[in-house]
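Here is the structure we will look at, set down as structure tokens.
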Amino acid sequence: MSAPRPGPAPAASAARLRRRTAGPLAAAALAGLLLAGCAGQDTAKPPAPAGQTLQGGAPAAAAPADGSQSGTGGTGGTGGAGGTGGAVAAEPALARSEPQKITIPSLGLSSSLETLRQNADGTMQTPKDPALAGWYEPGPTPGSQGPAVIAGHVTWNGAAAVFEKLKTMKAGDTIKVARRDGKTVTFTVDRVAEYPKAEFPTLEVYKNLDHAGLRLVTCGGDFDPKKHYYDSNVVVFARMTGAA
């Protein structure tokens with residue numbers, strides 16, 4: 001991260017500086033928000049870390065402790081847990097437009113999308129309906145430049161939820177997202193990885209991109225039924241490879 005130059009900067013230079021400076025901070029903020037997506041609505045939430053901003057200028061949120069009755073668990077995906085598939089060229093990014101529906105053919109999954117914003121304490125909202133995934137609104141939209149984020153539960157009170165099979169995705173699988181502007185964008189999975197929450201590689205997962213990316217996030221690893229807690233996160237990395 002480069003330090004700001006002393007004195008006033010031209011508007012264009014200042015804008016470029018803000019984008020460069022916000023990169024690592026945006027990544028850290030996104031990581032906290034997505035880990036919060038594993039928690040339920042009754043989870044205790046710590047205050048948001050100060051000084052972090054998301055892409056789009058939204059304040060950051062911290063990951064709450066997973067202590068609720070719901071979860072987004074699972075185990076590592078194939079293609080694999082940290083593995084990579086064949087590189088697929090990304091399509092040019094589109095203008096911002098809200099997503100309305102996600103479809104994953106390999107999983108037989110089709111879900112309308114809740115809009116996830118921030119709670120009063122700065123933490124990310126989680127999907128209210130365990131059968132639906134949710135898009136994090138302060139971040140990029142699927143198809144616009146950057147790592148758009150869609151999170152979902154995998155279990156809810158012991159029953160399967162929307163991302164129950166997310167762990168089984170593999171490199172080369174496709175994801176389709178229908179947008180409000182009438183376009184449907186296609187993403188191709190690069191890899192699927194599982195990370196212990198205590199060792200979550202924030203910048204690797206949520207760093208700013210030069211293309212339109214997508215991150216699908218749920219929980220993984222071992223589940224503690226007493227704490228209602230999963231000790232890891234499963235992340236699907238994908239890039240936009242088509243738009244119609």
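Points worth noting:
- For segment 197-214, the criterion of a residue being in a strand (DSSP E or B), in contact with a strand residue (DSSP E or B) (Cβ under 9 Å, 6 or more places away or on another chain) and open to solvent by 10 Å² or more (accessible area, probe 1.4 Å) is satisfied by no position.
- Which listed residue, of 147, 130, is under 22 Å from residue 114 (Cα atoms), open to solvent by less than 50 Å² (accessible area, probe 1.4 Å) and assigned to a loop (DSSP other than H, G, I, E, B): 130
Residue by residue, here is whether (1) among the hydrophobic types (A, V, I, L, M, F, W, C); (2) closer than 21 Å to residue 115 by Cα holds:
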residue	(1), (2)
179	no, yes
182	no, yes
186	no, yes
189	yes, no
201	no, no
204	no, no
217	yes, yes
220	no, no
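- The residues listed here are 126, 115, 174, 141; of these, the one that is hydroxyl-bearing (Ser, Thr, Tyr), under 14 Å from the mean Cα position of the chain (by Cα) and under 14 Å from residue 240 (Cα atoms) is 141.
- Matching option when the condition is surrounded by 20 or more Cβ atoms within 10 Å (Cβ to Cβ) and either among the polar types (S, T, N, Q) or at negative phi (or both), among 218, 184: 218
The values are calculated or read from the model by the stated rules, or taken from the named source; none is laboratory data. Because the structure is predicted, anything quoted here is derived from the model rather than measured. In this analysis, Cβ positions are derived from the backbone assuming ideal geometry, glycine residues included, and neighbour counts consider all displayed protein chains. The area values use the complete protein model at the heavy-atom level, side chains included, leaving out ligands, DNA and RNA. Shrake-Rupley method; radii C 1.70, N 1.55, O 1.52, S 1.80 Å.
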